[in-house]
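First the structure, in the form of structure tokens, and then the observations on it.
Where a number appears in this text, it was derived from the coordinates with a stated rule and is not lab data. As the structure is a computational prediction, the values presented were derived from the model and not from experiment. All Cβ positions, even for glycine, are placed from backbone atoms using ideal geometry, and neighbour counts span all protein chains on display.
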Amino acid sequence: MKTIPHIVIGMLLSLLLAGGMWLAACAPQGESVALRPPPTPASIQVSVGGAVEHPGVYTLEVNSRVADAVEAAGGFVAEADKDALNLAARVENAQKLDVPYAGEFVPDEEQDFVIAIVDTPSPLVGSEPLGIRSATLTEMDKLPDVDTTIAVSDTSTPSCSDGLVGSGAFVWPSENHFLSGKGYESDHLGIDIAAGEGSPVYAADSGVITAMGNDESGYGNVIQINHGNGYFTVYAHLSVIGVSMCQSVYGGQRIGAAGNTGNSRGVHLHFEVVRDGWSINPWLVLP
């Protein structure tokens with residue numbers, strides 16, 4: 001006959017066994033869990049006009065590119081100048097994308113890309129002069145043998161107070177994404193991006209042209225863009241200037257062509273970035 005202690009121990013063991021079975025029944029069984037679908041991406045609206053099949057306003061996803069906007073508008077028409085656009089550039093909300101026709105901006109190889117030709121280059125014109133360099137570049141080996149082509153025909157200084165504002169998301173201002181010369185240094189406040197004579201130069205972000213023309217201090221043919229958000233960008237040694245004062249440009253829009261003007265030792269694009277009045281290394285903002 002069992003004693004009372006044995007009976008108590010048996011009851012305790014039974015309770016422990018029952019509790020373990022209950023916990024096992026309540027434990028997760030490793031079944032897959034259906035996750036909630038990701039939120040629908042935010043959208044932007046972009047106006048697409050010019051040389052596309054169906055001009056209009058289109059709703060695109062955030063971070064869409066120029067190529068996406070053109071595709072939404074039915075693609076290029078036969079007369080479109082496809083090389084005038086940086087298709088990889090991002091488009092912004094409420095941006096107006098005007099696709100140029102061939103001949104309006106980039107002619108073929110047998111036609112000069114000219115906006116205005118003068119015998120003597122006009123001085124740099126701008127409502128906000130460059131005035132951001134503290135270094136004197138080395139004298140170039142030789143001047144180019146071609147006439148300087150610029151877009152300066154008015155010596156007035158408009159205010160350029162209104163226009164597009166940059167997104168702060170920069171794109172490369174050239175087709176090449178590597179250097180052919182000096183990088184950013186204390187005596188060289190920009191980077192020399194590899195580029196061939198006449199190769200396209202793009203606006204690194206949306207903004208307004210606030211200085212452009214021929215600069216005698218060393219830049220040669222130069223463009224400055226005020227992005228309206230504390231950033232300025234500078235594009236120097238150009239062979240062609242394809243914009244006018246106070247013109248609004250969007251990121252990725254072609255604004256000129258690379259060259260060898262000013263104090264330059266070879267064809268390249270000298271690119272500078274200024275933030276809140278201070279020159280910064282362009283590598284900090286380029287993708």
Can you run phi through the Karplus equation (6.51, -1.76, 1.60; θ = phi - 60°) for region 239-252 and list ³J(HN,Hα) in whole Hz, with x for Gly and Pro? 8, 9, 10, x, 9, 10, 4, 6, 6, 7, 10, 9, x, x
Got a sec to turn the phi values of region 161-176 into Karplus ³J(HN,Hα) couplings, 6.51 cos²θ - 1.76 cosθ + 1.60 with θ = phi - 60°, whole Hz, x for Gly and Pro? 7, 10, x, 5, 10, x, 8, x, 9, 7, 10, 5, x, 8, 6, 7
Ranked list, fewest to most other Cβ atoms within 10 Å of each Cβ, for ASP98, ASP192, ASP205, ASP187: ASP187, ASP98, ASP192, ASP205
Counting only residues 5 or more places away or on other chains, whose amide H sits under 5 Å from the amide H of ALA211 once H atoms are built in the peptide plane? GLN224
